[in-house]
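The next block holds one structure in the form of C-alpha cells; read it before the comments.
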Amino acid sequence: MAVDEDAAARPPSGNRRRGGGWAAVSPIPPPGRLRTLSLATLANTVGSGLWLAGAALYLTRDVGLSAASVGAGLTIAGLVGLTASIPLGSLADRRDPRTLRAVLQLCQAAVAAAYLLVGSFPVFLVVAGLDALLTSGNLAVRAALVAAVGGPDGRVHAFATLRAVANLGIAVGAGLAGFALAADTHLAYQVLVAGNATTYLVSAALLLRLPAYPPAPHPRTAAAPRRGRALRDGRFLAVSGASAVLALHLTVLTLIVPLWTVTRAGAPPPVVSAVLLTNTVLTVLLAVRLSRGADAAAPAAQKMRRAGLVLAAAMLLYAATAGLPTAPAVALLLVATIVYTLGDLWHGAAGAGLAYDLAPPDAVGAYQGADGLLAGLARAVGPALLTFAVLDGGVPGWLAVGALFAGVGLATPALVRWALATRPAPDAEGAAPAPAGRAG
C-alpha cells in the first residue's frame, strides 16, 4: 500500500480534520493497520450484537432451557472463563498476537456454531464454558495486538477507536437480530446462531491481512520472565483493582438503570432503549476524542480521577429520578446517561493507558490478562452487589455507589505514583525498551 501504515496507526493530531460528511462521524480510521483491525472488530462485534440480543430467547424459547438454568450456566461459565485470561495473554507475549488471535477467532467460530447442538443443560454448560474460556483469553490477546498495532504513542487511541467501532458493530448486530426475534421460529434462530459463527470467520480473515508481530528479541544475558509475575506485582494489581471497582458502572447501565427506570423512576419501558441508545451513540462519537492524553500513566491517573467524580455525579442524577413525574424523570434519566457516558469513556481510556504503561514491555499480554481478570471478577460480583445496594437500598444505595466511585477516583493518582516509584529505569542509552510486537 502507498499509505504509511505505521503513521496511520498513530493518533491524529489535535487539529487534523477528517473531512465532512460521514467521515466526520464514522469511527472507522483512515487506511492502514488500525483500519484493518477496526474492520475485524466490526465484523466480530456485529456477531456479538446478534448473540447478545438473541441468545436468551434462543436458549429458552427454541432450545427449551429455563431462564434460571441459562443464568446459572452463564455465571459458572463466566467464572471458569477468567482462568484463560493470563495464560493466553502470556502466550501473546511469546508468539505473534495477530496469528494467535486469528486462531482463537476460528476456534470461537466452531464453538459459536456448537450452540446449534445444544439440547440439554449439560451440553449448554460445556459449550458456554468453552465460549467463555476463548472469549476471556481472546480479550487479553486482543490487548497485546492493539499494543503492537498502535505502538506506545498510539495504543490508547487504538483502544478507543476499537471501542467506538465495537459499539457500532453491536448496534448493527442487535438490529439484525430483531428480524430473527420478530420471526420467532426455529429456522430464524438457527440463522442467528450461524450468523454469529460466520462473523468470527470474517474477523479472522481480516486479521490475517495484518503483518505478523513477532515478539521483540531479548538479549542473551537478560533474565527469563518469571511465570505469573503479573499476579505478584502488587502495585500494578492495586491500580488495576481500582479500575475494576470503577468498572462496576457497566453493570449500572446494563442492569440497574433499566430496572430502576421502570420500577422506581416510573418511566415507560421504551425509555430503557432510549437510555442505551444515548450511550451507544455518544460512545461512537466521543470515544476517540475523550481518549486523548491517556497514553502515559500520570495523565491517565488524572483522567481516572475525573472519571470517578463524573460517574459519582451520574449516580446522584439517577437517584434524583425517584418519585418524579414521568416527563421530568425521563429527561433526567437521559441527562444522567449523558454524564454517565462521559465518565464511562474517560474510565475506559484511563484504564487502558494505565494497564499498558505500567506493564513491563516484554509482558504486555500477561499484564493485560491480569487486568482483565480483575475486571472480570468485578463483572461477576457486580449484579448481586449493585442489585442489593441500589434496587433494595433505593436512593441511599445510589449515594453509596457514588461515594465509592468518587473515593476510588480520588485515590487513583496516589496509587499510580506508588506504582511508578518502583518502575525500572530506562536502559543505559536513555530509552525504554520497545514493547513486544511493535513493528519495526
**Prompt:** Among the residues of segment 326-340, which ones are in contact (Cβ under 8 Å) with a residue 24 or more places away in the chain, farther than 29 Å from Thr161 by Cα and of a type outside the set (A, V, I, L, M, F, W, C)?
**Reply:** Thr326
**Prompt:** Is it the case that some residue within segment 134-148 is closer than 17 Å to Pro27 by Cα, open to solvent by less than 30 Å² (accessible area, probe 1.4 Å) and part of a loop (DSSP other than H, G, I, E, B)?
**Reply:** no
**Asked** Which residues, taken from segment 75-111, are basic (Lys, Arg) and surrounded by fewer than 18 Cβ atoms within 10 Å (Cβ to Cβ)?
**Response** Arg94
**Request:** For segment 41-72, name all the residues that are among the small types (Gly, Ala, Ser), over 19 Å from Ala380 (Cα atoms) and more than 24 Å from the chain's Cα centre (by Cα).
**Result:** Gly64, Ser66
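Which residue out of Gly308, Gly343, Gly353 is under 22 Å from Gly89 (Cα atoms), touching a Gly at 6+ places or on another chain (Cβ under 9 Å), touching a residue at least 12 places away in the same chain (Cβ under 8 Å) and open to solvent by less than 20 Å² (accessible area, probe 1.4 Å)?
Gly353
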**Item:** Pairs, first under 19 Å from Gly137 (Cβ atoms) in segment 106-121, second open to solvent by 60 Å² or more (accessible area, probe 1.4 Å) and not hydrophobic (A, V, I, L, M, F, W, C), C-beta under 8 Å, six or more apart
**Value:** Ala109/Thr198
**Request:** Scan segment 149-167 for residues that are open to solvent by less than 30 Å² (accessible area, probe 1.4 Å) and part of a helix (DSSP H, G or I) and report the count.
**Result:** 12
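Determine if segment 112-119 includes at least one residue that is assigned to a helix (DSSP H, G or I), open to solvent by less than 20 Å² (accessible area, probe 1.4 Å) and among the hydroxyl-bearing types (Ser, Thr, Tyr).
For segment 112-119, residues assigned to a helix (DSSP H, G or I), open to solvent by less than 20 Å² (accessible area, probe 1.4 Å) and among the hydroxyl-bearing types (Ser, Thr, Tyr): present.
Listed here are the residues, each with its yes/no results for (1) touching a Phe, Trp or Tyr at 6+ places or on another chain (Cβ under 6 Å); (2) at pLDDT 95 or above; (3) among the hydroxyl-bearing types (Ser, Thr, Tyr).
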residue	(1), (2), (3)
Arg306	yes, yes, no
Ala314	yes, yes, no
Pro325	no, no, no
Thr341	no, yes, yes
Ala349	no, yes, no
**Item:** Tally, over segment 363-415, of residues that are closer than 16 Å to Leu237 by Cβ and without any contact (Cβ under 8 Å) to a residue 12 or more places away in the chain
**Value:** 1
**Request:** Please work out which residue is modelled with the lowest pLDDT, limiting yourself to segment 7-48 and to residues that are assigned to a loop (DSSP other than H, G, I, E, B) and under 19 Å from Ile170 (Cα atoms).
**Result:** Ser26
**Prompt:** Limited to segment 356-400, what total is found for residues that are surrounded by fewer than 24 Cβ atoms within 10 Å (Cβ to Cβ), closer than 24 Å to Thr161 by Cβ and among the aromatic types (Phe, Trp, Tyr)?
**Reply:** 0
**Asked** Of all residues in segment 316-340, how many are under 21 Å from the mean Cα position of the chain (by Cα) and surrounded by 24 or more Cβ atoms within 10 Å (Cβ to Cβ)?
**Response** 1
**Message:** Condition first: of a type outside the set (S, T, N, Q) and within 12 Å of the chain's Cα centre (by Cα). Now tell me which residues in segment 133-154 satisfy that.
**Reply:** Leu139, Ala140, Arg142, Ala143
**Asked** Which of the residues spanning segment 401-435 are open to solvent by 60 Å² or more (accessible area, probe 1.4 Å), of a type in the set (Gly, Ala, Ser) and at pLDDT 95 or above?
**Response** Ala403
**Message:** If I ask for residues that are open to solvent by 10 Å² or more (accessible area, probe 1.4 Å) and in a loop (DSSP other than H, G, I, E, B), which ones from segment 235-281 would you list?
**Reply:** Ala247, Leu248, Arg264, Gly266, Pro268, Pro269
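The values are calculated or read from the model by the stated rules, or taken from the named source; none is laboratory data. Only a predicted model underlies this, so the values are computations on that prediction, with no experimental measurement involved. Heads up, the Cβs are rebuilt from the backbone with ideal geometry, glycines too, and the neighbour counts pull from every protein chain shown. Calculation scope for accessible area: heavy atoms of the full protein, side chains included, ligands and nucleic acids excluded. Shrake-Rupley method; radii C 1.70, N 1.55, O 1.52, S 1.80 Å.
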